[in-house]
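Below is one structure, written out as structure tokens; the observations come after it.
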Amino acid sequence: LTGRPTVRIAHLYPDLMNLYGDRGNVIALRRRCEWHGLAPEVRAVGLGESGDLTSFDIIFIGGGQDREQRLICLDFVKVKGAALAEAVADGVTVLAICGGYQLLGAYYRTAEGEEMPGIGLLDAWTVAGRRRMIGNVVVESGLAATGGRRTIVGFENHSGQTYLGPGVAALGRVLTGHGNNGADGLEGATYRNVVGTYLHGSLLPKNPALTDHLIRTALRRRYGPVELAPLDDAVELAAHDAAVRRAGATGFLPV
Ligand code: GLN
């Protein structure tokens, strides 16, 4: 790559879907892009807006409570659903957290029995359970090896229990925490270049390999195979390791 290649990042519903600092993921993407010599551009895409989402390289949507999900879900399905499906089919990279992740699936049924439609992009569905699943999470994932670890760390708080169909793979296996539903040991979902997960935190600042994975898949689509030079991740890894310790996980997993 020559010059400072542009990386176009769409932030969906930044004012409504922004639980537990999910916005920090966009800050982390922007920062790491800059450190890699790229030129990130972030654009907010709010209610009523869609257009052609294939012009973006990375699309991000954060989490929200039932209230915010209710406010966006019809817009998400009717205004953005087709454009997002087209973008994903075209290989655009997507990261969706918690409430946003739930709405990428077929539906989210609340504890009151209300069914919010999702866009059906992921072969997954969510039904609220009686207990909230709250706490620090450590996931073992083959997707992103951070400095010799293959753990992804974050914080979850949801009552929705998400189940995966055969059309998607899990992001990883839960070592500590509840993950998708507290029953099958799985966390998150991946499909094409989409990653959905329950992990807030913010997620990306302390999982730098996952951040680079998202940037790399985005660059590959636009510019062909590229490698990212390693950065000095000492601070990020210290935060990662502290989160693993705090979660009381069983320890580091060698790659
Ligand atoms: N309202 C959803 C749930 O509780 C999502 C919450 C969230 O985004 N943290 O399952």
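Scan VAL88, VAL153, VAL92 and give me the residue that is among the β-branched types (Val, Ile, Thr), surrounded by 21 or more Cβ atoms within 10 Å (Cβ to Cβ), under 30 Å from ALA242 (Cα atoms) and modelled with pLDDT of 95 or more.
Working: VAL88 fails: under 30 Å from ALA242 (Cα atoms); VAL92 fails: under 30 Å from ALA242 (Cα atoms).
Just one listed residue meets the conditions, VAL153.
Yes or no: region 149-157 includes at least one residue that is within 13 Å of the ligand (Cβ to nearest atom) and among the acidic types (Asp, Glu). Spell out the reasoning first.
Start the filter on region 149-157 by keeping residues that are within 13 Å of the ligand (Cβ to nearest atom), which leaves 154-157.
Still in the running and among the acidic types (Asp, Glu): 156.
Yes, region 149-157 contains a residue that is within 13 Å of the ligand (Cβ to nearest atom) and among the acidic types (Asp, Glu).
Out of the residues in region 21-54 meeting the condition of being of a type in the set (Lys, Arg) and more than 16 Å from the ligand (Cβ to nearest atom), tell me which one is surrounded by the most Cβ atoms within 10 Å (Cβ to Cβ). Working first, answer last.
Here is the first cut: in region 21-54, the residues of a type in the set (Lys, Arg) are 23, 30-32, 43.
From what is left, the residues that are more than 16 Å from the ligand (Cβ to nearest atom) are 30-32, 43.
Values: ARG30: 16, ARG31: 14, ARG32: 23, ARG43: 12.
Once the filter is applied, the top-ranked residue is ARG32.
If a residue must be of a type in the set (Ser, Thr, Tyr), more than 16 Å from the ligand (Cβ to nearest atom) and surrounded by 23 or more Cβ atoms within 10 Å (Cβ to Cβ), how many such residues does region 177-222 contain?
Let us first name the residues in region 177-222 that are of a type in the set (Ser, Thr, Tyr), namely 190-191, 197-198, 202, 211, 217.
Next, from what is left, pick out any that are more than 16 Å from the ligand (Cβ to nearest atom): 190-191, 211, 217.
Narrowing further to those that are surrounded by 23 or more Cβ atoms within 10 Å (Cβ to Cβ): 211.
Looking only at that region, the number is 1.
Considering only residues that are within 16 Å of the ligand (Cβ to nearest atom) and surrounded by fewer than 21 Cβ atoms within 10 Å (Cβ to Cβ), which ones fall in region 162-174?
Scanning region 162-174 gives a single hit, TYR163.
Hey, does region 7-20 have a residue that's more than 16 Å from the ligand (Cβ to nearest atom), at pLDDT 95 or above and surrounded by fewer than 13 Cβ atoms within 10 Å (Cβ to Cβ)?
Checked against the condition, which is being more than 16 Å from the ligand (Cβ to nearest atom), at pLDDT 95 or above and surrounded by fewer than 13 Cβ atoms within 10 Å (Cβ to Cβ), region 7-20 yields no hits at all.
The values are calculated or read from the model by the stated rules, or taken from the named source; none is laboratory data. Please read all numbers here as calculations on a predicted model, not as lab measurements. Don't worry about glycine lacking a Cβ; one is built from the backbone with ideal geometry, like all the others, and counts go over all protein chains shown.
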